[in-house]
Amino acid sequence: MPLINVCKYVHIPIFQPCRHFTAVNMNHSSDSRFAADSAVKAELRSVALQCLCEADVATKVAAVEAMAAAWSAGDMTLDADVMLTAVASIPGRPPQPSLVPPREVEHRSMASVEGRAAMIHALAHIEFNAINLALDAIWRFGGMPPDYYADWLRVAKEESYHFCLLATHLSTLGFAYGDFSAHNSLWELTEKTSHDIVARMALVPRMMEARGLDASPRTRAKLAQAGDEPAAAIIDIILGDEIGHVAIGNRWYGWLCQERQLEPLATFAALAVQYKAPILRGPFNLEARRAAGFSEQELLALQQEI
């Protein structure tokens, strides 16, 4: 099934319209691959892999929205046991931005438009990576309950929306995604945990993405202080959704630990050492972390590591 056909239709919800990505038909059901009476419905994990391989940003965003709409309408199937293999390089990404080590990402003053644009670009890159990691969680790990795949499809859709909000706002500042360099730390840990779903759930959503909960208040304050209230409002939207995404990571990490009779805190600590995960530094957004399902015992251990 050619990806371009799967990705033909897109609708981006409220706030700022994602103008770069919406000049297409709005009704996924007119495509026979998604039609309820189609003889063969598209399979969710297979389509997620195709979306992950897609390098064009606009097509990837459209694909995620179309996939979520088709799933919601009951126009897709799920085969949790099918063995899938990536035949293209993953994740698909555009030629720009150039990827550099984190220390080589240039930092600019928020007092300038370019400095604010660089900040928005960095956030957009995080969201683009988050789209890819959600798609990877869908296709890569078989044998999970249907709710697992539905949860990560929700994450992919919301991360796509966040990317659109940021990319659209970036355009109002005179810049586009790809205009600044970026780093690849989030995806690097995703690759390291590609063979182990317990490690993936422990370290990517619960550690790397949870860092975004901690950073959001400071990022919002900087943008508001610089007079960029629209960007600050986008951060509010993202934080609310990201609490849910981290909660999904907590949910499935806890489920896996219970299924495999693993002690969650000890297992997490061992995995962090095994995969050389970065040491987390405060301040921590304890309120958001509690809302995302972290226990008081976990939060106490987190603060004691500082």
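Per-residue ellipticity at 222 nm from helix content only, as computed over the chain with -39500 (n - 2.57) for each DSSP H run of at least four residues, stands at -18500 deg cm²/dmol. The simple spin-label model puts a point 7 Å past each Cα toward its Cβ; for S194 and E106 those points are separated by 3.2 nm.
As a proxy for reagent exposure, T168, T85, T190, T77 were ordered by neighbouring Cβ count within 10 angstrom, fewest first; the result is T85, T77, T168, T190.
The Cβ shell under 12 Å around R93 holds other residues with a net charge of -1, Lys and Arg each +1, Asp and Glu each -1.
By the count of other C-beta atoms within 10 Å, a proxy for reagent exposure, D136, D179, D236, D75 are ordered fewest to most as D236, D179, D75, D136. Listing S109, S295 from fewest to most neighbouring C-beta atoms within 10 Å gives S109, S295. Using volume of the Cα convex hull per residue in Å³ as the read-out, say which of (i) 213; (ii) 129; (iii) 169 was calculated from these coordinates. Read-out taken from this structure: (ii). Could you work out how far apart the two model spin labels at Q96 and D236 are, taking each label as a point 7 Å from the Cα in the direction of the beta carbon, and quote it in nm? A separation of 3.3 nm, rounded to one decimal place.
Readers should treat all values here as calculations from the given coordinates under stated rules, not as data from a laboratory. Keep in mind it's a predicted model, so treat the numbers as computed, not measured. In this analysis, Cβ positions are derived from the backbone assuming ideal geometry, glycine residues included, and neighbour counts consider all displayed protein chains.
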